[in-house]
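Undergrad: So that we are looking at the same thing, I have put the structure below in structure tokens.
The values are calculated or read from the model by the stated rules, or taken from the named source; none is laboratory data. The structure presented is a predicted model; accordingly, all values stated were derived computationally and were not measured. Quick reminder, even Gly has a Cβ in these numbers, built from the backbone with ideal geometry, and neighbours come from all protein chains shown. Side chains are part of the model used for accessible areas, which takes the heavy atoms of the whole protein and leaves out ligands, DNA and RNA. Shrake-Rupley method; radii C 1.70, N 1.55, O 1.52, S 1.80 Å.
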Number of protein chains: 2
Amino acid sequence: MLKRNKPLQPDISIVANLIGEPARAKMLTALMTGKALTATELALEADVTAQTASSHLAKLLKGELLVVRKQGRHKYFQLRSVDVAELVEKMLNLSASIQQNSIKTGPVDQALRHARVCYDHLAGEQGVALFDALLNHGFIAEETNQATLTDKGLLFFSELGVDFKKVNQSKRPVCKACLDWSERRNHLAGQLGAWMLNYAFEKNWAKRDLTTRAVHFSTQGKTKFASCFGIKQTRGN
Amino acid sequence: MLKRNKPLQPDISIVANLIGEPARAKMLTALMTGKALTATELALEADVTAQTASSHLAKLLKGELLVVRKQGRHKYFQLRSVDVAELVEKMLNLSASIQQNSIKTGPVDQALRHARVCYDHLAGEQGVALFDALLNHGFIAEETNQATLTDKGLLFFSELGVDFKKVNQSKRPVCKACLDWSERRNHLAGQLGAWMLNYAFEKNWAKRDLTTRAVHFSTQGKTKFASCFGIKQTRGN
DNA sequence: CTGATGCTTCGAGCGCTATCGAACTATGCT
DNA sequence: AGCATAGTTCGATAGCGCTCGAAGCATCAG
């Protein structure tokens with residue numbers, strides 16, 4: 001048979017294969033918190049022994065999906081870049097829409113559904129509520145799955161302390177609409193999304209859950225967070 | 001050991017595993033042309049026998065990444081949705097940035113680099129040139145990796161025959177910046193991107209390559225295409 | 001130093017899955 | 001009808017890679 005000149009296309013099977021192993025997939029989704037995790041933590045997360053985890057982590061490193069930082073006798077792993085996080089996010093979304101089956105309602109799930117970290121910004125009910133609020137106040141504009149900062153929004157966030165000189169130097173989008181797999185609606189990602197989540201942590205309005213992606217707001221914190229960004233309070237909790 | 005309540009998260013390993021097999025990965029990238037392909041075509045593309053291809057295709061169907069249409073004794077396979085295409089696209093980009101090695105320069109590759117189909121819109125040098133031209137004329141506005149249609153652009157495309165009533169009914173974004181893995185710059189995706197590529201085909205300015213993702217412009221067609229959208233002609237060919 | 005903890009390497013076991021030959025069904029062409 | 005082409009099913013094979021036990025480094029705390 002005639003061997004046709006195969007075009008140079010990146011081979012996606014390598015990356016996909018790395019993610020395609022259940023244990024590694026669990027590790028990657030665990031790292032979607034944005035937090036750096038140690039090898040043992042990831043082993044627990046993936047339900048494998050330390051040895052197995054070690055070999056998986058080595059592969060993920062070699063495949064350039066993760067980076068490590070050694071600190072004493074610990075090794076802290078993180079997703080290598082926002083690109084990797086975005087890929088995982090897209091996979092989560094597609095997977096959610098394919099496995100739209102069991103809508104469990106355990107306590108952990110409810111917390112996750114309410115507010116959780118999506119790599120570096122806020123997702124869940126609170127995430128989309130925030131997005132809606134920003135829209136209502138005209139701080140951002142939405143055009144079918146895209147989000148852009150308005151002049152009004154620029155002013156608002158400048159006064160809150162966002163340094164847009166610095167922000168604009170980065171190639172990363174300021175605003176980015178990110179589809180929420182539990183709510184099936186948009187929340188805000190991008191630099192601004194990351195900034196707001198960080199702001200909530202700094203002000204002690206909320207704190208991360210130690211083991212899951214959940215974000216826990218204090219009662220007071222939630223009120224302040226809502227008033228700061230003009231979110232209409234809905235049902236309790 | 002204490003079995004902690006695991007949060008409900010979609011399992012990304014299933015989808016990733018499907019893509020992670022080299023033969024299946026090749027099939028999926030082949031389908032990025034947007035064209036429907038038969039089982040044998042896909043078998044050739046993936047370099048496997050018909051039997052093997054059949055089993056792979058069955059898995060991709062079960063995994064809901066593809067859809068089939070039976071026509072006579074042929075089966076035409078297609079990516080199931082734009083979501084799937086976008087996922088594959090993201091994987092191509094990430095993979096390209098990881099394997100930024102061999103920049104081959106075969107004839108096929110040059111054609112691909114020049115102009116190719118990215119699922120349903122134009123990519124490659126021509127794709128980014130088009131994007132730049134639309135920017136220069138103020139038809140679209142760019143804000144760090146986002147693209148939006150301007151009023152001026154709305155007028156321009158309306159006059160060209162785009163039915164925006166229909167367009168706005170769809171949930172799909174009108175404009176979408178899509179990172180080009182060969183050029184490492186944006187080109188235009190979304191409904192408008194798809195519309196323009198289709199327009200070029202309709203006007204017979206260009207035609208698809210039968211076996212690759214390459215798009216071949218006729219000499220005349222290229223001139224007309226450029227003048228229609230105000231693209232500055234660069235080097236020959 | 002000794003013991004404890006975090007992580008890695010080695011080796012053996014073993015299950016999963018991609019692969020293809022051969023045989024089968026289905027459709028189309030003449 | 002009779003043959004060619006498209007696609008599938010079955011079964012056997014082979015090999016890859018996940019897994020964990022055991023032993024080995026590395027780091028830290030006394």
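Undergrad: Return the residue satisfying two criteria in turn: it lies in region B:151-201 and is at pLDDT 90 or above and acidic (Asp, Glu), and of such residues it is farthest from residue B:92 (Cα to Cα).
TA: B:159
Undergrad: While we're here: Quick check on region A:102-114. Is at least one of its residues of a type outside the set (Ser, Thr, Tyr), at pLDDT 85 or above, touching a Lys or Arg at 6+ places or on another chain (Cβ under 7 Å) and over 13 Å from residue B:9 (Cα atoms)?
TA: no
Yes or no, residue by residue, for (1) touching a Gly at 6+ places or on another chain (Cβ under 7 Å); (2) basic (Lys, Arg); (3) touching a residue at least 60 places away in the same chain (Cβ under 8 Å):
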{"residue": "B:63", "(1), (2), (3)": "no, no, no"}
{"residue": "B:72", "(1), (2), (3)": "no, no, no"}
{"residue": "B:75", "(1), (2), (3)": "no, yes, no"}
{"residue": "B:80", "(1), (2), (3)": "no, yes, no"}
{"residue": "B:86", "(1), (2), (3)": "no, no, no"}
{"residue": "B:90", "(1), (2), (3)": "no, yes, no"}
{"residue": "B:93", "(1), (2), (3)": "no, no, yes"}
{"residue": "B:96", "(1), (2), (3)": "no, no, yes"}
{"residue": "B:99", "(1), (2), (3)": "no, no, no"}
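Undergrad: Of all the residues that make up region B:123-158, how many are in contact (Cβ under 8 Å) with a residue 24 or more places away in the chain and among the basic types (Lys, Arg)?
TA: 0
Undergrad: If you don't mind, another one. Looking only at region A:167-225, which residues are farther than 30 Å from residue A:44 by Cβ, in contact (Cβ under 8 Å) with a residue 60 or more places away in the chain and surrounded by fewer than 19 Cβ atoms within 10 Å (Cβ to Cβ)?
TA: Passing the criteria: only A:172.
Undergrad: Restricting to region A:58-101, and then to whatever is under 13 Å from the mean Cα position of the chain (by Cα) and charged (D, E, K, R), can you tell me which residue is least open to solvent (accessible area, probe 1.4 Å)?
TA: Taking the candidates together, the pick is A:89.
Undergrad: Another question about this same structure. Looking only at region A:147-202, how many residues end up being within 14 Å of chain B (Cβ to nearest Cβ) and on the phi > 0 side of the Ramachandran plot?
TA: Within region A:147-202, residues that are within 14 Å of chain B (Cβ to nearest Cβ) and on the phi > 0 side of the Ramachandran plot number 2.
Undergrad: Do we find a residue being within 12 Å of chain A (Cβ to nearest Cβ) and at negative phi anywhere in region B:214-235?
TA: yes
Undergrad: Which residues, taken from region B:14-38, are more than 14 Å from residue B:87 (Cβ to Cβ), at pLDDT 95 or above and open to solvent by less than 80 Å² (accessible area, probe 1.4 Å)?
TA: Of everything in region B:14-38, those that are more than 14 Å from residue B:87 (Cβ to Cβ), at pLDDT 95 or above and open to solvent by less than 80 Å² (accessible area, probe 1.4 Å) turn out to be B:21, B:22, B:23, B:27.
Undergrad: Restricting to region A:45-57, count the residues that are within 23 Å of the chain's Cα centre (by Cα) and within 6 Å of DNA strand C (Cβ to nearest atom).
TA: 1
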